[in-house]
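The values are calculated or read from the model by the stated rules, or taken from the named source; none is laboratory data. Every value quoted in this text rests on a predicted model; they were computed, and no experiment measured them. In case anyone asks, the SASA skips ligands and DNA or RNA and just uses the protein heavy atoms, side chains included. Shrake-Rupley method; radii C 1.70, N 1.55, O 1.52, S 1.80 Å.
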Amino acid sequence: MRTKMRLLGFRGAAVKPLNEEAAAELGAELLGEALVFGVGGLCLYLEYLRQAGQSRRREEHLEQTLSDLQQGLEQLQRDLEELRAQR
C-alpha cells in the first residue's frame, strides 16, 4: 500500500496495515500492472528494432543501386570514348 501511495504521489502519508487478503489482492494487481507495462515496453522496443533494421536494409539497398548505376555510367562513358576514338 505504501508503494501504491508513493506511485500516486503521496509522500509520508500514514497508512494503516491491510489485512492479508487485501494485501495479496493489491500485490497481485500491482504485479499484473507491472507485467502489462513490461510487455508493452518490450513490444515497443522490438518494434523500434524492427523499424531500424528495415531502414538500414533500405538504405543499404539504395546505396548498392546507386553504386551499380555509377559503375554502369562509367562503363558507358568508356564505351563512348572508344567509339569516338574509332572514328
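What number goes with the only condition from (1) open to solvent by 80 Å² or more (accessible area, probe 1.4 Å); (2) within 30 Å of the chain's Cα centre (by Cα) that Gln54 does not pass? Checking Gln54 against (1) open to solvent by 80 Å² or more (accessible area, probe 1.4 Å); (2) within 30 Å of the chain's Cα centre (by Cα), the one that fails is (1).
Every listed requirement among (1) among the hydrophobic types (A, V, I, L, M, F, W, C); (2) part of a helix (DSSP H, G or I); (3) open to solvent by 100 Å² or more (accessible area, probe 1.4 Å) is met by Phe10 save one, (2).
Here Gln75 fits the description: in a helix (DSSP H, G or I), of a type in the set (S, T, N, Q) and open to solvent by less than 90 Å² (accessible area, probe 1.4 Å).
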